[in-house]
Amino acid sequence: METREILKDLREQHHWTQEQLAGRVLVTRQAVSRWETGETQPNTDTLKLLSREFGVSINTLLGSPRSLVCQCCGMPLDDAVISREKDGAFNEDYCKWCYADGEYTYSDMDDLIDVCVGHMTEEGFSQEQARAYLRSALPKLNYWKHYEELGGGKRFEEFKKQLIDEFNALHIEGMPKVEKLHALVGSYVNLSYRLPNGRSVQFLNDGATYLGNQLESEFGGGRCFGILANMEFLLVASYEEGGANPELVIYKKR
């Protein structure tokens with residue numbers, strides 16, 4: 001589809017008139033009309049506003065002229081997995097696992113490879129094939145080419161270390177020592193917990209990215225501990241395989 005068709009389609013999906021859309025992005029109704037007939041196209045600043053209003057990337061608005069891949073892990077990107085800045089704007093260079101809330105998630109290529117290998121073996125690759133491919137492909141991506149220039153994730157690594165120390169300071173019986181945290185998207189780990197009053201509650205935002213890990217309980221019995229954190233809280237839960245029968249162990253404001 002061309003940009004003119006995409007803009008009209010998105011506007012109609014949102015049930016907005018041309019005048020209503022114009023008001024949202026600070027232009028005239030006539031400007032919107034010219035976009036939809038293909039007479040003109042929005043400028044860069046207006047494309048950013050349209051991206052925010054419609055919840056799609058600028059690449060999508062322009063008809064997807066670029067094949068986007070994450071410049072940290074190499075994952076193909078679409079609007080569902082593109083990262084966002086702190087203000088909610090799309091960052092079309094990274095997936096939401098490698099760049100979250102304005103911070104780079106990985107500073108150690110080996111850590112990233114360990115995570116990716118797990119996913120690639122589910123796709124039929126052997127561990128050796130996956131590691132060989134990643135060791136060849138990752139250094140060619142812009143993040144790793146310009147790693148030092150981008151800051152090397154130093155602040156983020158310091159933040160992760162601080163969270164690890166806070167989890168270990170909880171001294172939860174049966175929970176192994178926390179040594180690593182990985183980027184996890186809320187929708188994959190947003191379990192419902194039953195409170196003493198009988199109500200069920202979820203603590204996470206499905207669209208946000210958190211730091212967490214899964215640890216096998218030292219008591220055995222098939223239960224695991226799931227840990228999650230961000231700038232605001234620490235969460236520890238226990239559950240059975242696949243997240244069954246979850247129990248909230250602790251939810252602590254930071």
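For this structure, a couple of remarks:
- Taken together, the criteria place residue 131 among residues that are surrounded by 16 or more Cβ atoms within 10 Å (Cβ to Cβ), in the same structural domain as residue 78 (by TED's automatic domain parsing) and within 15 Å of residue 74 (Cβ to Cβ).
- Candidate set from the stretch 202-246 (those that are charged (D, E, K, R) and farther than 16 Å from residue 187 by Cβ); member that is nearest to the chain's Cα centre (by Cα): 232
- Taken over the stretch 160-182, the criterion of being of a type in the set (A, V, I, L, M, F, W, C), surrounded by fewer than 20 Cβ atoms within 10 Å (Cβ to Cβ) and outside any loop (DSSP other than H, G, I, E, B) is satisfied by 164 alone.
- Subset tally (residues that are under 20 Å from residue 54 (Cα atoms) and of a type in the set (A, V, I, L, M)) for the stretch 85-111: 1
- Hits in the stretch 15-35 (condition: over 34 Å from the mean Cα position of the chain (by Cα) and of a type in the set (S, T, N, Q)): 28, 30, 33
- Looking across the stretch 191-206 at every residue that is surrounded by 13 or more Cβ atoms within 10 Å (Cβ to Cβ) and farther than 13 Å from residue 230 by Cβ, the one that is modelled with the lowest pLDDT is identified as 194.
- Residue within the stretch 196-215 that is in a strand (DSSP E or B), touching a Ser or Thr at 6+ places or on another chain (Cβ under 6 Å), free of Cβ contacts under 8 Å to residues at least 60 places away in the same chain and more than 17 Å from residue 183 (Cβ to Cβ) present: yes
- Of all residues in the stretch 40-57, those that are loosely packed, with under 15 Cβ neighbours inside 10 Å and either outside the structural domain of residue 28 (by TED's automatic domain parsing) or of a type in the set (Phe, Trp, Tyr) (or both) total 0.
- Selected residue (criterion: surrounded by the fewest Cβ atoms within 10 Å (Cβ to Cβ)) from residues of the stretch 91-128 that are in contact with a helix residue (DSSP H, G or I) (Cβ under 8 Å, 6 or more places away or on another chain) and of a type in the set (S, T, N, Q): 127
- Checked against (1) in contact (Cβ under 8 Å) with a residue 40 or more places away in the chain; (2) among the aromatic types (Phe, Trp, Tyr); (3) out of contact with any strand residue (DSSP E or B) (no Cβ under 8 Å at 6 or more places or on another chain), residue 188 passes all but condition (1).
The values are calculated or read from the model by the stated rules, or taken from the named source; none is laboratory data. It should be emphasised that the depicted structure is a prediction, and the values quoted were computed from it without experimental measurement. Reconstructed Cβ throughout: ideal geometry from the backbone, glycine too, with neighbour counts over all protein chains shown.
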